[in-house]
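In what follows, a single structure is set out as structure tokens and then discussed.
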Amino acid sequence: MVKKWWQEAVGYEIYCKSFCDSNGDGIGDLQGVKSKLEILRDLGVTCIWFAPIYKSPQVDNGYDVADYQDIEPAYGTLEDFKEVLEKAHSLGIRVIMDMVLNHSSDEHPWFVESRKSKDNPYRNYYIWQPPREDGSEPNNWGNVFYEGNGSAWTLDETTGEYYLHLYSAKMPDLNWEYEPLRQEIYKMLHWWLDLGVDGFRLDVFNRFKKTPGFPDSKKEASELDLDRYRMDPAMFTHVEGIHDLIHGLYKNVFGPRDCFTVGEGANMTWDLAPDYTLPEREELVSLYHFQLSSRMRDTITPELFRTVQTKYWEKVTEKGGWIIQYMSNHDSQRQVSCYGDEAYRARSAKLLAALTFTSPGIPFIYQGEEIGMTNVRFDSIEDYNCCYTLGSYQSLLKKGKSVEEAMDYIATRSRDNARTPYQWNDSANAGFTTGKPWLKVNPNYKEINLEQDLSSPDSIFRFYQSLAALRREHPALTEGDLILYLPEDEKVLMYTRKCDGETVLVVANFTSTPAPFALPEEMKGREFKLLLSNMEEGRALSEKSELAPWEAAVYLL
Ligand code: NOJ
Ligand code: CA
């Protein structure tokens, strides 16, 4: 099989709003991104994923798209985007766009038309249903943000019908059953490819299809579900027929253009992933799953790590499908706060990076990870921005929780943890803006910032550089088989990646206490060459060894 560029890619997600502000309005922008591209190249990045930068009312920071073919004015213009694209390409960095095709903004011209009358040519671009006999919503589905009264339907007075919105009422769901809508989408994707982008990240692609007939959910209420509404992914995720829709995208766009695609697999499992990603399925190149990391999970145990990697290896990666290796993104907590230990900030940040870069798949970095940025905790709800955070906060209050309890609940779950501005240096607002940042900077920016990191012997950024270099130098890390050792160990992860006579071994202590371990029989007596370690002094691997807290090392066997 011909090798494709993405098989050796190192990805990097840019959340433009929080990355770098070039004009002092407090909002990150494309000229800001352009000014930092060399840094990303130096980090070892070969592919950028832009979280949505399209024109948008910013209800969900761009996941509410008002025009799929224009740039959000606060970020710049299409000309600015072309400059970024050209410069990125000249530095050897590909660019993929976040395509939000499950819903649009209610300010998108399609929806503005659609709501005008029942016989408007755009009516069927969205999902409309008449009220039940008592005038209430067509069913009991709840919205994902726990917004408003909790329902996933909003009544539109003009025509007396409800429209479906799995997320915000300002984000109506597109009707994928309608062929003209699908054709518009294919056309728009070709337009971006013609402009020179290298592929797409597909937002919640597995929710395009909803359960036919819109039956009520029978799920029990969760702590956030309000009244009779149930937020039940089963009603709109992996619904039968979804594969035809993704295959249609492949046949009409992805296949003929041979572009990179990565699907955001909400509620993905290793049993469902192969049907979306194996090449013979002709759907997607790769996907994100949430079985290792997610906003709700606050630990990754060695056992979980082994299970998830083994399952995806057996079912997907070994068979020619791809997954993304990552531990954080703009929807999650900061990985070092969540899966590492802030008391061992640099060391645990490096361990997490080492696992991401040496596991089978394509590593994606989320901005700030490479300098060990941490969670934030705001004292007032006023300081939070994320719509999911605000929705779940209100929901908890309505359900009788105190303000303190609700604030505690959101502190770790808020997506704003990952969205505070990038910490470039220790000047005002971390060097992100000369104005007032749209979201408060994490107060720890004086100690944690890129400049400080680069001047430290403990630099996390340089560790990422070394990992990217290892992937370039050792094909085992991109192509090699995965073999796991010490299957029962509660602290130590050990695995090899092996191809064409080359074997790379990774060992890592996933805890804050020392971890003694014994080398497996088959490795005794072999020679280990240290390639990379997150300790001051890299150490030889003896037959009986002990790993320090959060120690991680990569060896060549
Ligand atoms: C997933 C995106 O990553 C998230 O930020 C967004 O809120 C939802 N999809 C809805 O578009
Ligand atoms: Ca700006």
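The values are calculated or read from the model by the stated rules, or taken from the named source; none is laboratory data. Here the structure is a predicted model, which means the values were calculated and not measured. All Cβ positions, even for glycine, are placed from backbone atoms using ideal geometry, and neighbour counts span all protein chains on display. All accessible areas refer to the heavy atoms of the entire protein, side chains included, with ligands and DNA or RNA removed. Shrake-Rupley method; radii C 1.70, N 1.55, O 1.52, S 1.80 Å.
Residues are listed down the side, and each one gets a yes or a no for (1) of a type in the set (Asp, Glu); (2) closer than 24 Å to residue 451 by Cβ:
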| residue | (1), (2) |
| --- | --- |
| 355 | no, no |
| 360 | no, no |
| 365 | no, yes |
| 369 | yes, yes |
| 372 | no, yes |
| 375 | no, yes |
| 378 | no, no |
| 383 | yes, no |
| 388 | no, no |
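Pairs only if they're at least six apart or on different chains, beta carbon under 9 angstrom, first in the range 441-457 and without any contact (Cβ under 8 Å) to a residue 24 or more places away in the chain, second open to solvent by 70 Å² or more (accessible area, probe 1.4 Å) and not in a helix (DSSP H, G or I); list them, first residue then second.
445/426; 446/426; 447/426
Here are some residues: 400, 340. Which one is away from ligand 2 (no atom under 16 Å from the Cβ), in contact (Cβ under 8 Å) with a residue 12 or more places away in the chain and in a loop (DSSP other than H, G, I, E, B)?
340
Residues are listed down the side, and each one gets a yes or a no for (1) within 28 Å of residue 531 (Cβ to Cβ); (2) more than 16 Å from ligand 1 (Cβ to nearest atom); (3) among the hydroxyl-bearing types (Ser, Thr, Tyr):
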position: 420; (1), (2), (3): no, no, yes
position: 430; (1), (2), (3): no, yes, no
position: 442; (1), (2), (3): no, yes, no
position: 454; (1), (2), (3): yes, yes, no
position: 470; (1), (2), (3): yes, yes, no
position: 477; (1), (2), (3): yes, yes, no
position: 481; (1), (2), (3): yes, yes, no
position: 484; (1), (2), (3): yes, yes, no
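Does any residue in the range 18-42 that is at pLDDT 95 or above and in a helix (DSSP H, G or I) come within less than 7 Å, Cβ to Cβ, of a residue that is within 10 Å of ligand 2 (Cβ to nearest atom) and hydroxyl-bearing (Ser, Thr, Tyr) six or more places away or on a different chain, and which pairs are these?
30/75; 31/22; 32/22; 35/22
For the range 310-339, how many residues are more than 18 Å from the chain's Cα centre (by Cα) and either basic (Lys, Arg) or open to solvent by less than 20 Å² (accessible area, probe 1.4 Å) (or both)?
Result for the range 310-339: 5.
Six or more apart or on different chains, Cβ atoms under 6 Å: show the pairs whose first residue is in the range 280-306 and assigned to a loop (DSSP other than H, G, I, E, B) and whose second is open to solvent by 50 Å² or more (accessible area, probe 1.4 Å).
What qualifies is 282/247; 282/250; 283/247; 283/250; 295/413.
Inspect all residues belonging to the range 116-127 and state whether any of them is surrounded by fewer than 20 Cβ atoms within 10 Å (Cβ to Cβ), in contact (Cβ under 8 Å) with a residue 60 or more places away in the chain and of a type outside the set (Phe, Trp, Tyr).
There is no residue in the range 116-127 that is surrounded by fewer than 20 Cβ atoms within 10 Å (Cβ to Cβ), in contact (Cβ under 8 Å) with a residue 60 or more places away in the chain and of a type outside the set (Phe, Trp, Tyr).
Would you mention how many residues in the range 195-216 are at positive phi and part of a loop (DSSP other than H, G, I, E, B)?
4
For the range 54-74, indicate whether the set of residues that are buried (at least 19 other Cβ atoms within 10 Å of the Cβ) and assigned to a helix (DSSP H, G or I) is non-empty.
No, the conditions are met nowhere in the range 54-74.
So residue 357 passes all but one of these: (1) under 30 Å from residue 7 (Cα atoms); (2) not in a helix (DSSP H, G or I). Which condition number does it fail?
Of the numbered conditions (1) under 30 Å from residue 7 (Cα atoms); (2) not in a helix (DSSP H, G or I), the odd one out for residue 357 is (2).
Inspect the range 81-104 for any residue being aromatic (Phe, Trp, Tyr) and either without any contact (Cβ under 8 Å) to a residue 12 or more places away in the chain or within 16 Å of ligand 1 (Cβ to nearest atom) (or both) and give the result as yes or no.
The answer is no, given that none of the residues of the range 81-104 is aromatic (Phe, Trp, Tyr) and either without any contact (Cβ under 8 Å) to a residue 12 or more places away in the chain or within 16 Å of ligand 1 (Cβ to nearest atom) (or both).
Please count how many residues of the range 116-140 are in a loop (DSSP other than H, G, I, E, B) and under 16 Å from residue 153 (Cβ atoms).
Of the residues in that region, 12 qualify.
Taking the conditions exactly as written (under 22 Å from the mean Cα position of the chain (by Cα), within 16 Å of ligand 1 (Cβ to nearest atom) and polar (S, T, N, Q)), does residue 412 satisfy them or not?
So residue 412 fails the test.
Residue 186 passes all but one of (1) surrounded by fewer than 20 Cβ atoms within 10 Å (Cβ to Cβ); (2) of a type in the set (Ser, Thr, Tyr); (3) assigned to a loop (DSSP other than H, G, I, E, B); which number fails?
That leaves (3) as the condition not met.
Pairs needed: first member in the range 222-250, under 17 Å from residue 136 (Cβ atoms); second member anywhere, open to solvent by less than 10 Å² (accessible area, probe 1.4 Å) and in a helix (DSSP H, G or I); C-beta distance under 6 Å; at least 6 residues apart or different chains.
Within 6 Å, the pairs are 226/395.
Give the number of residues within the range 387-409 that are within 16 Å of ligand 1 (Cβ to nearest atom) and more than 12 Å from residue 146 (Cα to Cα).
Result for the range 387-409: 0.
Between a first residue in the range 488-509 that is touching a residue at least 60 places away in the same chain (Cβ under 8 Å) and over 16 Å from residue 356 (Cβ atoms) and a second residue that is open to solvent by less than 40 Å² (accessible area, probe 1.4 Å) and hydroxyl-bearing (Ser, Thr, Tyr), which pairs have beta carbons less than 7 Å apart while being 6 or more apart in sequence or on different chains?
Here the result reads 491/511; 496/503, each pair linking the range 488-509 to a residue that is open to solvent by less than 40 Å² (accessible area, probe 1.4 Å) and hydroxyl-bearing (Ser, Thr, Tyr).
Among the residues in the range 291-299, are any within 22 Å of residue 490 (Cβ to Cβ), crowded, with 18+ Cβ neighbours inside 10 Å and over 18 Å from the mean Cα position of the chain (by Cα)?
No, because not a single residue in the range 291-299 is within 22 Å of residue 490 (Cβ to Cβ), crowded, with 18+ Cβ neighbours inside 10 Å and over 18 Å from the mean Cα position of the chain (by Cα).
For the range 509-557, give me each residue that is more than 19 Å from residue 457 (Cβ to Cβ), in contact with a Phe, Trp or Tyr (Cβ under 7 Å, 6 or more places away or on another chain) and among the aromatic types (Phe, Trp, Tyr).
The answer is 528, 555.
Quick one: residue 219 ticks every box in (1) surrounded by fewer than 19 Cβ atoms within 10 Å (Cβ to Cβ); (2) assigned to a strand (DSSP E or B) except a single one, so which number is it?
Exception for residue 219: condition (2).
Please go through the range 1-53 and give me each residue that is more than 9 Å from ligand 2 (Cβ to nearest atom), open to solvent by 10 Å² or more (accessible area, probe 1.4 Å) and among the acidic types (Asp, Glu), ordered by number.
Selection gives 8, 38, 42.
Just for the range 75-101: of the residues that are under 19 Å from residue 23 (Cα atoms) and surrounded by fewer than 20 Cβ atoms within 10 Å (Cβ to Cβ), which one is nearest to ligand 2 (Cβ to nearest atom)?
Applying the filter and picking the extreme gives 80.
Can you work out which of the residues in the range 404-439 that are part of a helix (DSSP H, G or I) and among the hydrophobic types (A, V, I, L, M, F, W, C) is surrounded by the fewest Cβ atoms within 10 Å (Cβ to Cβ)?
My answer is 428.
Given the conditions (1) closer than 23 Å to residue 100 by Cβ; (2) open to solvent by less than 10 Å² (accessible area, probe 1.4 Å), and given that residue 225 satisfies all but one, which numbered condition is not satisfied?
(1)
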